[in-house]
Amino acid sequence: MPPKSILIAACAIAALASPVAAQDQGLSGGEAEFILAQADNDHARTLERERTEAASDEVRALVYSPEFILENRRLISLSDRQRDQMVADLQGLQTQLISQQMEMEDSREALITAMRAQPANETRVLTALDEVLNIEREVKRLQMRTLLRLRDTLTPSQRARLNELRDGG
């Protein structure tokens, strides 16, 4: 899952209450229906993305996206404690990703500068490339750690239900 997706997922946590909030805040019937229809469209896109990614990647099939878990929280009877733990994990990831993003920008600038030199110093370019790749590796590692934590927060029956949903059941 790209870093952008995790950031979106973290932001989506607050937005997940939107359909209920729309009704609770006394929005007109048309406004509430629009918000509910938008939530259904988002849910369908999340489900399709989850199915596609799981079908094309065996590792990805062993975890669940934060969006998928949280959009199906009622169907899997996610407890408040579980939800709070997931939110904390996603917020921690978001903080770390912001830091990594700033490091990545600096490293990419150094790589571009090294590559623009005429003639290019191969050692300098490769060292700068290694720095970029190391940051990318760390981002992937942070993402995987968070996905594992989210999955392991779920009970076996919740995971089974998510698998059923993802597999079309």
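Below are the figures for this structure:
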| quantity | calculated |
| --- | --- |
| Per-residue Cβ neighbour rank within 10 angstrom, fewest leading, L148, L111 | L148, L111 |
| Additional length obtainable on full extension of the chain from N163 to S77, 0.36 nm per residue less Cα span | 29.5 nm |
| HN-Hα J in Hz across the range 67-77 - Karplus 6.51, -1.76, 1.60, θ = phi - 60°, x for Gly and Pro | 4, 4, 4, 6, 5, 10, 4, 6, 5, 9, 6 |
| FRET efficiency, R145 to A117 (Cβ-Cβ, R0 35 Å, nearest 0.05) | 0.40 |
| Rounded Å value of the spacing that divides the Cα centres of the range 111-169 and the range 61-95 | 19 |
| Gained length - A55 relative to S99, 0.36 nm times residue gap less alpha-carbon distance | 12.6 nm |
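Here, each number is a calculation from the coordinates, and none is a lab measurement. Everything quoted here is computed from the prediction, not taken from an experiment. Backbone-built Cβ (ideal geometry, glycine too); neighbour counts: all protein chains shown.
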